[in-house]
1. What's the extension gain from residue 191 to residue 77 if we count 0.36 nm per residue and subtract their Cα-Cα distance?
2. Given 77/209; 154/174; 112/154; 67/112; 77/208; 53/150, which pairs have Cα atoms separated by over 21 Å?
3. Cβ neighbours within 10 Å, averaged per peptide: list 81-89, 141-149, 113-121 in order, most packed at the top.
4. Give me the mean projected area, in nm² to one decimal, of the convex hull enclosing the Cα positions of the stretch 65-215.
5. Once fully extended, how much extra length lies between residue 39 and residue 55, figured as 0.36 nm per residue of separation less the alpha-carbon to alpha-carbon distance?
6. Express in whole angstrom the spacing between the alpha-carbon centres of the stretch 65-97 and the stretch 175-192.
7. Regarding the stretch 116-190, what are the three Cα extents along the principal axes, ordered largest first, in Å?
8. With an 8 Å Cα cut-off and a minimum separation of 6 or more residues, compute the relative contact order for the stretch 66-137 in percent.
Amino acid sequence: MPQKRRYTARRTSKRRKRGKNNNTTFILLAIVALFVISFFGYRRYVQYQSETKVEMVQQEHSAFVKKIAPYAVELGKDYGVLPSITIAQAILESDWGTSSLATQYNNYFGIKGDDPANTKVLQTKEYTNGQWITINGRFRVYSDFRESMKDHTKLLVNGTSWNSQQYKQVLQSKDYIDAALALQTDGYATDPGYTSKIIRIIQKYNLKKYDEGIK
């Protein structure tokens with residue numbers, strides 16, 4: 001009989017150990033499951049935030065194009081400048097209307113001036129002698145974005161004070177690619193990648209459709 005009791009005690013001890021092991025395993029599995037759920041939940045949250053941000057940016061870009069496109073078409077009909085070029089330049093020069101020059105002074109094209117009464121001195125970057133440098137420039141201040149767009153169009157039409165025919169090739173261009181190339185060759189911008197940037201913007205956002213019926 002004493003031997004039987006010892007055997008029973010051993011079995012009870014083993015059951016307790018098994019129970020503890022099972023509890024430990026369950027806790028570990030629960031922790032792993034919680035970690036996995038949290039990990040994938042966080043990934044989904046980050047993905048959702050990223051998708052939401054992308055959607056918001058796309059909506060803002062679409063709204064900007066819709067805002068300036070009608071007037072770009074109107075100017076195109078009046079002066080012969082391709083609307084796709086005007087819109088793409090506004091996008092590039094003003095960073096979709098978010099630059100300080102655009103938000104504070106309605107200057108969408110970085111147009112400079114000389115009169116202190118209607119200009120503001122701001123820092124800008126220019127590509128000179130193979131490198132980008134920061135300089136102070138005097139930029140035009142406008143009452144609204146339409147005034148800025150019209151001034152930009154008239155600059156292309158009338159040229160500069162030292163060369164009235166400076167942008168003649170831009171005006172004579174029949175499609176946006178030729179016009180973008182002419183902007184570079186006619187000296188509109190110092191950025192060596194200006195032409196390719198303008199073309200990419202026009203193609204990515206299908207701005208060519210605004211040129212229909214202009215020339």
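1. On the way: separation 114, 0.36 × 114 = 41.04 nm, distance 2.85 nm.
Here the segment from residue 191 to residue 77 would lengthen by 38.2 nm.
2. Numbers: 77/209 14 Å; 154/174 18 Å; 112/154 13 Å; 67/112 23 Å; 77/208 15 Å; 53/150 33 Å.
As for pairs spanning more than 21 Å Cα to Cα, those are 67/112; 53/150.
3. Working: 81-89: 27.3, 141-149: 17.6, 113-121: 11.9.
With the highest mean Cβ count within 10 Å placed first, the list reads 81-89, 141-149, 113-121.
4. 8.5
5. Values: separation 16, 0.36 × 16 = 5.76 nm, distance 2.41 nm.
Separation in residues times 0.36 nm, less the Cα-Cα distance, equals 3.3 nm.
6. 15
7. Reported extents, whole Å, longest axis first: 36, 34, 23.
8. Details: 59 pairs, mean separation 11.4, N = 72.
Result for the stretch 66-137 is 16 percent.
Bear in mind that the values in this text are calculations on the coordinates, not laboratory data. Nothing here was measured: the structure is a model prediction, and the numbers come from that model. No Cβ is skipped: glycine too gets one built from the backbone with ideal geometry, and neighbour counts run over all protein chains shown.
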